[in-house]
Structures are given as C-alpha cells and as structure tokens.
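Okay, so here's the structure we're looking at.
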Amino acid sequence: MIIVRILRKQNDLLGFDIKGHAGEEEAGENIVCAAVSSAAHMAINTITDVIHAHAQVYVDPDGALFARIISGYNQSCNDVLKGLESHLVEISKEFPHAISIRTEEII
C-alpha cells in the first residue's frame with residue numbers, strides 16, 4: 001500500500017511524504033504507483049522550478065519521496081499542494097486498497 005502524509009501547518013500545506021508500493025506488480029509496472037509518482041514529481045517540480053520556492057526534497061532509492069517547502073512559500077505553493085492532495089484523493093477513491101492518505105499537522 002502507498003502511504004501518503006500531507007504536511008500541514010494551520011491552513012497551509014507545506015509538503016508531503018510518500019512511501020510504499022500499490023500492489024503485487026514489479027516496481028515500474030503498477031499504474032497506481034506511476035500515477036502517484038508522476039503527480040508528486042510534477043507538484044514538487046512546479047514548486048521549485050516554476051514558483052521558485054525552496055524545498056527540501058529527498059528521493060529514496062526504493063522510490064519513497066519526501067518534500068517540504070523551506071522558504072519562498074506563497075499561495076501558489078499551497079494551490080499546487082492542494083491540487084496534488086485532491087488528485088491523490090481521487091486515485092484513492094478508485095483504488096482504496098492501494099493508497100492511504102492522511103494529513104499531519106507539523107510545528
């Protein structure tokens with residue numbers, strides 16, 4: 001199962017942490033994993049390369065992805081992360097056995 005943590009501070013989304021695998025297929029052959037990975041990379045690339053916010057990003061060799069905005073945060077960053085959250089929620093509705101999403105308040 002893919003585990004998604006959306007990182008929130010009050011009303012602002014600041015990042016995410018994604019771990020796990022959606023099913024029995026080999027890495028790289030699962031449509032849910034591919035959809036989640038693609039959406040997450042698009043979100044962080046938009047935040048860092050288009051909006052020019054600075055983010056701490058870590059991609060584990062096993063595919064886990066952590067991203068947290070550390071400076072340059074603005075409403076556009078929040079909008080991108082809300083879009084990612086919405087997209088992942090829709091994926092979880094279609095594949096509830098494959099993805100779990102929770103929001104975590106950070107300090």
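In table form, for the structure just shown:
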{"item": "Sequence of Ser71, Ser38, Ser92 once ranked by neighbouring C-beta atoms within 10 Å, starting from the fewest", "result": "Ser71, Ser38, Ser92"}
{"item": "Order of Glu85, Glu90 under a 10 Å beta carbon neighbour criterion, fewest first", "result": "Glu90, Glu85"}
{"item": "Most fluctuating residue given options Asp79, Asp62, Asp17, as computed from a GNM of the chain linking Cα atoms under 10 Å", "result": "Asp62"}
{"item": "Choice from Val36, Val89, Val50 showing the highest fluctuation, given a GNM over the chain with Cα pairs closer than 10 Å", "result": "Val50"}
{"item": "Residues Thr46, Thr103 arranged by fewest to most Cβ contacts within 10 Å", "result": "Thr103, Thr46"}
{"item": "Dipole of the chain, positive direction: furthest Cα of Ile106, Ala22, His41, with charges on the beta-carbon", "result": "Ile106"}
{"item": "Extension gain from Arg68 to Lys9, taking 0.36 nm per residue of separation minus the Cα-Cα distance", "result": "20.1 nm"}
{"item": "Considering only the chain, percent of DSSP beta bridges that pair antiparallel, nearest 5", "result": "70 percent"}
{"item": "Relative contact order for the stretch 2-105, counting Cα pairs under 8 Å that sit 6 or more residues apart, in percent", "result": "38 percent"}
{"item": "For the chain, calculated [θ]222 nm from helices alone, where every DSSP H run of n ≥ 4 adds -39500 (n - 2.57)", "result": "-11000 deg cm²/dmol"}
{"item": "Check: the chain dipole with +1 on Lys, Arg Cβ and -1 on Asp, Glu Cβ, in debye", "result": "480 debye"}
{"item": "Max mean-square fluctuation residue, GNM over the chain, Cα-Cα springs under 10 Å, options Asn78, Asn11, Asn30", "result": "Asn11"}
{"item": "Shape call, the stretch 27-88: gyration tensor on alpha carbons, a/c limit 1.5", "result": "oblate"}
{"item": "Percent of Cα pairs exceeding the 21 Å cut-off, where the set is the stretch 2-105", "result": "29 percent"}
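Every read-out reported here was derived from the displayed coordinates using simple, explicitly stated rules and does not represent laboratory data. All of these numbers come straight from a predicted model, not from anything done at the bench. All Cβ positions, glycine included, derive from the backbone under ideal geometry; neighbour counts span all protein chains shown.
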